[in-house]
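The values are calculated or read from the model by the stated rules, or taken from the named source; none is laboratory data. Keep in mind that this is a model prediction, so the values were computed, not measured. Cβ sites come from the backbone with ideal geometry, for glycine too, and all protein chains shown count toward neighbours.
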Amino acid sequence: MTKPVGPYTPIVRAGDWLICSGQVGISDGAIVEGGLEAELRQALANMAGLLEGEGASMNHVVKTTVFLTDMADYAEMNAIYIEVFGDHRPARSAVAVRELPIGARIEIEASAYVG
């Protein structure tokens, strides 16, 4: 599991729910190289690892929120998101933000139901 970059818990169980804090494309303490695609793939891998640590998977995700520093990246984000989630389509919001922690271009948070 990637160490949090702030004072928060990366994943919390609340009854039948798992709430994943926002994940950025961090590996070995730094944002991965390779732009938005690499960052999103790493963020989703980090999220999958958190879920797996609680006995769940990406198929349990029912809601995500994606934060983008540039809405021009929306189409590229969608293509990667669809590839990773496949036919499973959680409810989702996408929000433009001015900036993200540690210089990330994208962050994604999720809620998963495991009941």
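Among the residues of region 80-103, at least one is of a type outside the set (Val, Ile, Thr), in contact with a strand residue (DSSP E or B) (Cβ under 9 Å, 6 or more places away or on another chain) and on the phi > 0 side of the Ramachandran plot. Here is the figure for region 98-115: residues that are acidic (Asp, Glu) and more than 8 Å from the chain's Cα centre (by Cα) total 1. A search for C-beta distances below 6 Å between a residue of region 31-42 that is of a type in the set (Gly, Ala, Ser) and any residue that is buried (at least 19 other Cβ atoms within 10 Å of the Cβ), counting only pairs 6+ apart in sequence or on different chains, returns 38/32.
Select from region 48-85 the residues that are of a type in the set (D, E, K, R) and touching a residue at least 40 places away in the same chain (Cβ under 8 Å) and write down the one among them that is nearest to residue 114 (Cα to Cα). That would be 54. Taken together, the criteria exclude residue 36 from residues that are in a helix (DSSP H, G or I) and either touching a Cys at 6+ places or on another chain (Cβ under 8 Å) or β-branched (Val, Ile, Thr) (or both).
Of all residues in region 50-107, those satisfying the criterion of being within 24 Å of residue 7 (Cα to Cα), outside any helix (DSSP H, G or I) and of a type in the set (D, E, K, R) are 54, 63, 98, 99, 105, 107. Filtering region 21-33 to residues that are in contact with a Leu (Cβ under 8 Å, 6 or more places away or on another chain) and not in a strand (DSSP E or B) leaves 24, 25. Would you mind stating whether residue 110 is exposed (fewer than 13 other Cβ atoms within 10 Å of the Cβ) and either part of a helix (DSSP H, G or I) or modelled with pLDDT of 95 or more (or both)? Considered against the rule, which asks whether it is exposed (fewer than 13 other Cβ atoms within 10 Å of the Cβ) and either part of a helix (DSSP H, G or I) or modelled with pLDDT of 95 or more (or both), residue 110 comes out as no. Looking only at region 1-46, residues that are more than 18 Å from residue 111 (Cβ to Cβ), surrounded by fewer than 19 Cβ atoms within 10 Å (Cβ to Cβ), at pLDDT 95 or above and among the acidic types (Asp, Glu) come to 2 in all. If I filter region 47-61 down to residues being under 14 Å from the mean Cα position of the chain (by Cα) and surrounded by 14 or more Cβ atoms within 10 Å (Cβ to Cβ), which single residue comes out as nearest to residue 111 (Cα to Cα)? For region 47-61, the residue satisfying everything is 61.
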